[in-house]
Structure formats: structure tokens, C-alpha cells
Amino acid sequence: MRAQQLLTSDFPILIPIDTVSKAIKLMDEYKVAHLPLVVEDKFQGLINEDDLLEFESDAVIAEVPTHPLSVDPNLHVYEVVAQMSRAEVDILPVVIQGKYMGCIDRGAVLNFFAHDAGWGLEGSTVILEIPIANYSLSEISRIVEENGTRITSFNMIHLESGDLVVTIKVNTTKIATILTSFERFDYKVLTFFNSPEVEDDLRNKFDAFMRYLES
């Protein structure tokens with residue numbers, strides 16, 4: 001998916017003669033800390049709320065510093081997310097040859113991951129910790145598929161220790177055999193989510209243990 005498929009024109013733009021107070025009011029109304037400065041459809045830069053607070057309320061936006069942060073409409077959505085994260089912004093202008101097309105907000109990104117990237121599909125989430133030297137996506141996929149299911153989404157984070165935290169979403173909530181298989185192949189399962197089958201089993205074992213203590 002490309003940036004142009006996530007952009008929206010729902011957010012207001014600022015122009016140089018707008019006042020600081022107006023900009024802050026708009027940011028508060030739309031629950032964002034950034035808005036684009038646009039002159040005759042040409043993107044001038046991103047206005048940051050923190051910068052606005054350094055000026056008097058009746059100062060005009062032309063006096064406020066801008067940040068030349070934007071993305072091309074053909075940029076892949078994963079790169080859009082990376083840029084939003086690095087820049088710590090809640091909206092990202094989409095610009096082509098200097099022309100402002102609209103912007104991408106965090107809500108659009110969340111919707112993408114929930115609906116298009118597979119994280120919102122029904123199923124369970126399993127989180128593994130793996131030494132980087134032992135990491136093999138093909139082996140993880142094989143273990144999952146040998147248990148009659150498949151991976152619908154995948155994410156990986158590098159830890160300072162050198163290990164990897166690998167998060168997978170599978171298309172079933174019955175993951176007891178998958179967890180057993182991971183443990184059999186010496187994978188460390190950190191946690192899992194949305195698996196009533198396993199949760200009920202753990203709850204039964206806990207209840208049995210408590211009854212033992214009370215006897």
C-alpha cells in the first residue's frame with residue numbers, strides 16, 4: 001500500500017496570516033500537535049505546537065519556524081510509519097512536486113495495520129524471544145504451518161542484548177499445539193494473547209494448585 005491510499009483532506013491547513021491562537025485552537029480541536037502550512041496549494045512546511053507556544057497569541061504563522069517534513073505519495077506505508085516514528089509527528093503531509101495533496105494521520109496508520117496488514121484479523125498473537133543467530137523466519141513459518149494454521153502478520157524488534165522479539169499473528173485461537181512446538185524447538189515464548197483454550201487450561205491448573213494448598 002502507498003502513502004496516497006492513506007491520505008486525507010479532513011485536517012485544516014494553516015496560511016501565513018493565521019494567528020498563533022487560531023493554530024493552537026485548530027490543533028486542540030483536531031487533537032493533533034502539527035498542521036501543514038500551505039500557500040496556494042504549495043507546501044511550506046509543518047508547524048509544531050511546541051514552536052507555537054514560544055510566540056504571543058496574536059503573532060502570525062509567518063513568524064513561526066517550519067519543518068520541511070513530507071512524503072511522496074508513492075512511498076510505501078511502512079516507510080511512512082518509520083518516518084512518523086522518527087520525526088515524532090502525528091500527521092505527515094503528502095506532497096508531490098511541492099504541491100500539498102493532503103496528510104496521513106495516526107488513525108489512518110492504525111486502520112491500515114488493523115484491516116490491511118492483518119493485525120485486526122481474528123486469531124491469536126504469540127510473542128517470542130530469539131537469539132539473532134538462531135532466527136529463521138522460514139522455520140517459524142514451518143512450525144506454525146505444521147500445526148494446521150498460518151501467519152497472518154509479523155513484526156520484529158531488535159533488543160539491546162542482541163536478541164530479537166518476534167511477534168506473530170496466527171489465524172486461529174487454538175494455539176496450544178503451536179506453543180508446545182515452539183518450546184520443543186527451544187523457542188522462548190514470552191507471552192500470548194487471545195487464546196481462550198490455553199488460558200482456560202492455565203486457569204484450571206492454577207485452580208487445582210490452589211485447591212491443593214487449601215487441602
Helix 137-146 sits off the longest principal axis of the Cα atoms of the chain, rounded to the nearest 10 on a 0 to 90 degree scale, by 50 degrees
Correct response: the longest run of the chain lacking exposed GluC sites (Glu not before Pro), defined by DSSP loop and at most 13 other Cβ within 10 Å, is 161-215
Violations at 28 Å Cα threshold for listed pairs LYS31/LYS174; LYS22/LYS42; LYS31/LYS188; LYS31/LYS169 -> LYS31/LYS174; LYS31/LYS188; LYS31/LYS169
Computed over the chain: longest principal axis from alpha-carbon atoms vs helix 20-30 long axis, angle to nearest 10 degrees, is 30 degrees
Relative to the chain, whose Cα atoms define the longest principal axis, helix 196-214 and its Cα axis are tilted in degrees, nearest 10, by 60 degrees
Rounded to two decimals, the Debye log10 I(q)/I(0) of the chain (Cα scatterers, no solvent) at q = 0.09, 0.11, 0.18 Å⁻¹ is -0.55, -0.71, -1.15
Counting as exposed only trypsin sites (Lys or Arg not before Pro) in DSSP loop states with no more than 14 other Cβ atoms inside 10 Å, the longest exposed-site-free span of the chain is 32-149
For the chain, the dipole about the Cα centre with charges only on Cβ (Lys and Arg +1, Asp and Glu -1), to the nearest 20 debye, works out at 740 debye
Pseudo-spin-label distance LEU53 to SER141, built 7 Å along Cα→Cβ, given in nm, is 4.7 nm
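Quick note: the coordinates plus some simple rules give every number you see, no bench work behind them. Computed from a predicted model, the values in this text were never measured in an experiment. Heads up, the Cβs are rebuilt from the backbone with ideal geometry, glycines too, and the neighbour counts pull from every protein chain shown.
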